[in-house]
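Right, one structure below, let's go through it.
No lab work stands behind these numbers, since they all come straight from the coordinates. Because the structure is a prediction, the values reported are computed rather than measured. Cβ placement follows ideal geometry from the backbone for every residue including glycine, while neighbour counts extend to all protein chains displayed.
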Amino acid sequence: MKHSKLTLMIFAALLAGIIFGHFAPVLAVKMKVFAVIFLRMVKMIIAPLLFATLVKGLASHGDVRKLGKIGLKTIIYFEIVTTLALIIGLAMGNIFNPGHGFGAISANPSLMKEAGLMAVTAPSTSVSEMVFNIFPTSIVEAMADGNLLQIVVFSIFFAIAICAVGEKAKPVMALLDSVSQIMFKFTEYVMYFAPLGIFGAIAATVGFNGLSVLKNYAKIIFSLYTALAVFVLLVLFIACKYARISLRNLLKVIQEPAILAFTTASSEAAFPKAIALMERFGVPQNIVSFVMPTGYTFNLDGSTLYLAMAVIFCSQICGIDLSLNQQIVMMLALMLTSKGIAGVPRVSLIVLAGTLASFNIPLVGVAILLGIDQILDMGRTTVNLVGNCVATVVIARWENAFDYDKMNAFIKEFDEEGKNMLKFSGPQKVEVIEKIEDK
């Protein structure tokens with residue numbers, strides 16, 4: 001219910017910002033202060049949230065000897081799929097060029113400086129320079145600067161050291177678990193300010209560029225959803241073919257948690273229902289209970305794809321043409337930074353802002369994306385959920401543990417329940433729903 005109310009407030013703020021920007025453009029441009037304040041609040045979350053969640057995730061599953069075969073296969077699958085998501089995201093970003101068309105903003109650096117969104121230094125121009133800069137001289141300095149890549153590198157070494165120390169590191173792991181939970185709650189509080197930030201962002205953008213900018217927003221939305229569709233129909237379809245299941249049947253079975261993820265833009269909201277459905281679908285409980293939670297750290301396909309496109313967008317909007325080598329290095333960087341994304345709304349903005357800061361790219365693109373982030377988040381969150389459900393089936397198939405008889409029986413039962421839902425109405429329909437919930 002909280003997620004639904006926030007979603008309605010965000011869409012109301014989006015509509016109000018468009019109307020206000022059109023009828024009061026001079027005053028609307030000044031509303032950018034709300035967007036800047038919200039983005040500054042997002043930036044202050046970056047360091048503690050990423051450090052706590054990434055170290056906890058890596059230290060919990062990073063010891064291959066503890067992971068065993070299932071864990072190792074899961075990590076390999078996650079890395080392959082997220083790499084393909086990054087490639088598709090970068091390719092679609094270069095094909096659609098979603099950042100082209102915002103010339104009025106990119107041509108006005110004084111506006112970006114006034115908003116505090118213009119990077120002080122020029123973007124890195126060489127691969128060696130970008131690689132060199134990911135290694136921190138001081139973790140305190142990296143956190144103060146919001147350098148996401150340097151924080152990731154430090155977190156990886158820290159997690160490896162925790163695994164090496166073993167039992168003596170348990171108090172640190174307990175502390176990190178507490179910090180991560182606190183930061184999740186902290187992030188939730190910050191996201192309550194999202195409607196105000198989105199109102200300021202869309203009002204300022206429309207006020208400065210006019211209603212014509214909505215065409216560019218439509219282009220961004222179309223580009224992302226097309227890329228997500230390509231990923232599902234290509235990568236996840238092939239994965240389902242390997243697992244010898246129908247992607248269509250799987251999507252039909254998980255439609256309820258998928259709709260919940262889409263409407264709330266939170267994959268965690270759909271997590272419990274998805275786990276229960278995948279167990280009934282034929283995946284052993286031990287595989288579901290390991291792969292699904294691990295996927296929330298290592299396998300957020302939709303968010304990873306979005307980050308690749310968003311980086312291209314943010315560079316294009318500032319008139320920065322990234323070379324192929326720079327895009328490859330950035331893709332490798334996103335393979336690391338995307339692993340710190342939590343399954344809560346708008347956290348991708350945090351990772352995006354940190355990644356851009358690491359490559360000295362102005363953050364004005366984040367402010368522009370903020371205005372439509374709810375719409376973008378709904379699609380990428382749904383793909384996150386579907387990707388993790390497919391992953392459970394693939395790993396179960398890889399382990400020769402998937403129960404095809406159970407799957408067929410469940411699909412048949414599911415279809416019959418669906419027919420009953422259409423057939424009955426009133427008290428009879430309520431009774432059918434209660435029986436389904438009991439099962």
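When the chain is fully extended, how far beyond the present Cα-Cα distance does Asp145 get from Glu167, taking 0.36 nm per residue of separation?
4.6 nm
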Between Phe193 and Leu15, what is the FRET efficiency for a Förster distance of 25 Å, r being their Cβ-Cβ separation, to the nearest 0.05? 0.90
Cα-centre dipole for the range 226-330 with unit charges at Cβ (Lys and Arg positive, Asp and Glu negative), debye to 20: 440 debye
Long pairs among Lys73/Lys170; Lys69/Lys170; Lys56/Lys219; Lys185/Lys273; Lys219/Lys412; Lys185/Lys412, criterion Cα-Cα beyond 30 Å: Lys56/Lys219; Lys219/Lys412; Lys185/Lys412
Going by how many other beta carbons lie within 10 Å of each one, how would you line up Ser246, Ser138, fewest first? Ser138, Ser246
Determine, from the Cβ-Cβ distance of Lys406 and Glu79 and an R0 of 22 Å, the FRET efficiency 1/(1 + (r/R0)^6), rounded to the nearest 0.05. 0.15
